[in-house]
Structure formats: C-alpha cells, structure tokens
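K.L.:
I am attaching a structure below and will ask some questions about it afterwards.
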Amino acid sequence: MAFEPLQTDEKLDAPVEKTPDMDAAMLTGCSGFVFSSVGGYILSVWPFLVFPESEKLVRLATAAGIGFVPASILGIIATRKFGLAGACGFVGAALATGIFLYLRLDEIFIGALARQAPTPDYPKMMSWLLPLAWILGTAIIAIAVLPKEKDE
C-alpha cells in the first residue's frame, strides 16, 4: 500500500525537499513585473490628475513628491520580493511616468503660448529634466535594493 503523499511504498528517512518548478517561477516573475509596473505607474500619475494646475513649481513639486514617494516604496517592496522582475517593472513604470510627465509639462508650455495661460515659473527644460530625474532616481533605487544573486 502506498504511503501518503509520495504515492510510493519507499520509506524515506527525511522529508523530501520541494524544488522550485519553472512554471511557478515564471508566473511569479511575470506577476511581479505587472504588479510593480502598473501599480508604480498608477501611484506616480494620480497626483498630476488630481492637481492639474502644474504651471506653478510648488504644485508641480507637490504632485511629484506625492507620486514619487509611494511609487518608490512599492518599487522597493516589489524589487525585494520579486527580484529582477520587480526591478524591471519598477523601472518600466518610471519610463511610462517619464513619458507622461514630458507630455503633461510640454502641454502646459504649449497651452501657455497658445492661450496666454499662466506661464510656468520654472524653465522649459524642466519638461525633460524632471522625467529624466524620475527615471534615473528609480533606476538607482532599483539597483540599490536589488537582492544579490546566490549563483554569483
């Protein structure tokens, strides 16, 4: 009669160690990537949608801070939990956020010229400097908290 849970009549001295299977590893990595990228993007962008008056530097800095801090915390958690897949999702969210910020800030300058709306009190280079700083800051955080591989 078979012994549970091995379904064999072989008697073992110690319990069998469970080895990680490839499907579970792929599903975990893909889920971690999607979770960190979509979650990081949503956490990064919502303040700019709630506080649309981004032509003032104080409002822009407030929205950027409100978005960057929780997105970075999520990225750190995802990177530590999912490893490289979480870090790539974290940086992917930063790339999408950088594009969003570039388009949003460029829209402000175009609107200021076209309708003589309030002119931003920061230089035009901020439309590419803030997205670049966002992406670089996220990449630095991801590299800093990436767990060391055991196979090195």
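The values are calculated or read from the model by the stated rules, or taken from the named source; none is laboratory data. These numbers were taken from a predicted model, which means no experiment stands behind them. Every residue, glycine as well, gets a Cβ built from its backbone with ideal geometry; the counts of neighbours run over all protein chains shown.
K.L.:
Residue 66: at pLDDT below 90, among the β-branched types (Val, Ile, Thr), in a helix (DSSP H, G or I) and buried (at least 17 other Cβ atoms within 10 Å of the Cβ), yes or no? Break it down into steps so the answer makes sense when it comes.
P.N.:
Numbers: at pLDDT below 90: no; among the β-branched types (Val, Ile, Thr): yes; in a helix (DSSP H, G or I): yes; buried (at least 17 other Cβ atoms within 10 Å of the Cβ): yes.
So residue 66 does not fit the description; no.
K.L.:
From 105, 95, 74, 101, grab the single residue that is surrounded by fewer than 21 Cβ atoms within 10 Å (Cβ to Cβ) and part of a helix (DSSP H, G or I). Break it down into steps so the answer makes sense when it comes.
P.N.:
Details: 105 fails: surrounded by fewer than 21 Cβ atoms within 10 Å (Cβ to Cβ); 74 fails: surrounded by fewer than 21 Cβ atoms within 10 Å (Cβ to Cβ); 101 fails: surrounded by fewer than 21 Cβ atoms within 10 Å (Cβ to Cβ).
Testing whether each residue is surrounded by fewer than 21 Cβ atoms within 10 Å (Cβ to Cβ) and part of a helix (DSSP H, G or I) leaves just 95.
K.L.:
Taking the options 100, 90, 82, 109, name whichever one is on the phi < 0 side of the Ramachandran plot, at pLDDT below 90 and of a type in the set (Phe, Trp, Tyr).
P.N.:
Values: 100 fails: at pLDDT below 90; 90 fails: at pLDDT below 90; 82 fails: at pLDDT below 90.
Unique residue meeting the criteria: 109.
K.L.:
Moving on. Any residue in the range 117-127 that is of a type in the set (Phe, Trp, Tyr), part of a loop (DSSP other than H, G, I, E, B) and out of contact with any His (no Cβ under 9 Å at 6 or more places or on another chain)? Outline the logic, then answer.
P.N.:
Start the filter on the range 117-127 by keeping residues that are of a type in the set (Phe, Trp, Tyr), which leaves 122.
Right, trim to part of a loop (DSSP other than H, G, I, E, B) and you get 122.
Still in the list and also out of contact with any His (no Cβ under 9 Å at 6 or more places or on another chain): 122.
Yes, some residue in the range 117-127 is of a type in the set (Phe, Trp, Tyr), part of a loop (DSSP other than H, G, I, E, B) and out of contact with any His (no Cβ under 9 Å at 6 or more places or on another chain).
K.L.:
Scanning for something of a type in the set (Asp, Glu), closer than 29 Å to residue 133 by Cβ and in contact (Cβ under 8 Å) with a residue 60 or more places away in the chain, does the range 43-54 turn up at least one residue? Let's see the steps before the verdict.
P.N.:
Start the filter on the range 43-54 by keeping residues that are of a type in the set (Asp, Glu), which leaves 53.
Keeping just the survivors that are closer than 29 Å to residue 133 by Cβ gives 53.
Next, from what is left, pick out any that are in contact (Cβ under 8 Å) with a residue 60 or more places away in the chain: none.
Within the range 43-54 (the criterion being of a type in the set (Asp, Glu), closer than 29 Å to residue 133 by Cβ and in contact (Cβ under 8 Å) with a residue 60 or more places away in the chain), the answer is no, since none of the residues qualifies.
K.L.:
For residue 54, which of the numbered conditions (1) outside any helix (DSSP H, G or I); (2) surrounded by fewer than 19 Cβ atoms within 10 Å (Cβ to Cβ) fails to hold?
P.N.:
Answer for residue 54: the failing condition is (2).
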